[in-house]
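*Asks:* There's a structure below that I have some questions on.
Taken together, the values in this text are just the output of simple stated rules run on the coordinates, not laboratory data. Everything numeric here is computed off the predicted structure, so don't read it as measured data. When we count neighbours, we look across all protein chains shown, and the Cβ atoms used for this are built from the backbone with ideal geometry, even at glycine.
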Amino acid sequence: MKVFESISALTQEITQQKAAGKTIGFVPTMGALHDGHCSLVARSKKENDITVVSIFVNPTQFNDKNDLKNYPRTFEKDSSLLESFGADFIFHPSEQEMYPTQSTEVWDFGQLDKVMEGAHRPGHFNGVAIIVKKLFEIVIPHKAYFGLKDFQQVAIIKELVKRTQFPIEIVECPIIREPDGLAMSSRNMLLSPEARLHAANISKALFEAIQLSASMEVDELKKYVTETINADPMLLVEYFEIVDSLRLRSIKSWDEKCVKVGCVAVKLGNIRLIDNVTFPI
Ligand code: AMP
């Protein structure tokens, strides 16, 4: 496994690998790796000759300065984990390397970046689009791997690829959960032991929502899920929406012909977690 900090060294290596006929899989991350990230790496390894993992805490996607400051950074641990998983290259650039000048790029993804995370974290998806485009321009992988844990992000990345015409296949990977159902997240390690126990009530409510969708109307279910999570004094729902998976419009009825996804953002003190489930109807 090789670690690259400079764009030019990584580009040179990747160019050589492509010239030798190798396919490249790419897994962009912000580090503090867990089994969710590892599932993406494992999938990439299975489907490509070379797997590149980037580790970069991207400042432009943080709308909250404290969140950026507190975001866990565990590079030594991450690199040993990636070595054991058989990743080929790690790209671990400095902020200066990725942003030699301040980016002024502005993206507008229409409805996709106006709702849910887009509405509650102004500028977040603009920062995501800026960094993912930069990383794609550097790596130009055959396939890039993203987790459905960040469901709205996947929709944005697919739109970005469509607009930029990158010849890159976006591979959507399922959410990996802790044994108690909590979606794995780098931010989970910031939870106090008590908050960590309560965090399991988020996915519990989402799984219950799947069951209840057979008997409750959409609005009634939205209210129920919000109230159920908020009934835990350590949890505060920022939003719970049930949207169509392509346009991210809020649905009004289960009869609508689309894949329906329930997306939630919850605060536990200063820590903000997101999760989602797909409804079977
Ligand atoms: P992050 O480091 O949080 O930017 O995440 C890097 C990639 O890992 C993103 O595509 C995430 O969606 C994905 N990811 C994070 N958590 C999980 C999880 N629990 N299951 C599957 N993928 C995940």
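*Asks:* Pairs only if they're at least six apart or on different chains, beta carbon under 6 angstrom, first in region 14-40 and closer than 15 Å to Ser79 by Cα and within 16 Å of the ligand (Cβ to nearest atom), second of a type in the set (S, T, N, Q) and part of a helix (DSSP H, G or I); list them, first residue then second.
*Replies:* Val27/Ser44; Ala32/Ser186
*Asks:* Check whether at least one residue in region 209-220 is buried (at least 20 other Cβ atoms within 10 Å of the Cβ), closer than 15 Å to Leu182 by Cβ and out of contact with any Phe, Trp or Tyr (no Cβ under 7 Å at 6 or more places or on another chain), and report yes or no.
*Replies:* no
*Asks:* Given the conditions (1) within 10 Å of the ligand (Cβ to nearest atom); (2) farther than 21 Å from Leu68 by Cα; (3) among the charged types (D, E, K, R), and given that Asp180 satisfies all but one, which numbered condition is not satisfied?
*Replies:* The failed condition is (1).
*Asks:* Which one is surrounded by the fewest Cβ atoms within 10 Å (Cβ to Cβ) among residues in region 76-120 that are of a type in the set (Val, Ile, Thr) and in contact with a helix residue (DSSP H, G or I) (Cβ under 7 Å, 6 or more places away or on another chain)?
*Replies:* Filtering first and then ranking leaves Val106.
*Asks:* If I filter region 158-177 down to residues being in a helix (DSSP H, G or I) and in contact with a strand residue (DSSP E or B) (Cβ under 7 Å, 6 or more places away or on another chain), which single residue comes out as nearest to the ligand (Cβ to nearest atom)?
*Replies:* If we take residues in region 158-177 being in a helix (DSSP H, G or I) and in contact with a strand residue (DSSP E or B) (Cβ under 7 Å, 6 or more places away or on another chain), then Lys158 is nearest to the ligand (Cβ to nearest atom).
*Asks:* In region 41-67, what count of residues is obtained for those that are within 15 Å of Ile138 (Cβ to Cβ) and within 12 Å of the ligand (Cβ to nearest atom)?
*Replies:* 5
*Asks:* Yes or no: Arg177 without any contact (Cβ under 8 Å) to a residue 24 or more places away in the chain and either of a type outside the set (Ser, Thr, Tyr) or out of contact with any helix residue (DSSP H, G or I) (no Cβ under 8 Å at 6 or more places or on another chain) (or both)?
*Replies:* When the stated conditions are applied, Arg177 does not pass them.
*Asks:* If you don't mind, another one. Kindly list the number of the only condition in (1) in contact (Cβ under 8 Å) with a residue 40 or more places away in the chain; (2) within 30 Å of Lys22 (Cα to Cα); (3) buried (at least 21 other Cβ atoms within 10 Å of the Cβ) that fails for Ile157.
*Replies:* With respect to (1) in contact (Cβ under 8 Å) with a residue 40 or more places away in the chain; (2) within 30 Å of Lys22 (Cα to Cα); (3) buried (at least 21 other Cβ atoms within 10 Å of the Cβ), Ile157 is out only on (1).
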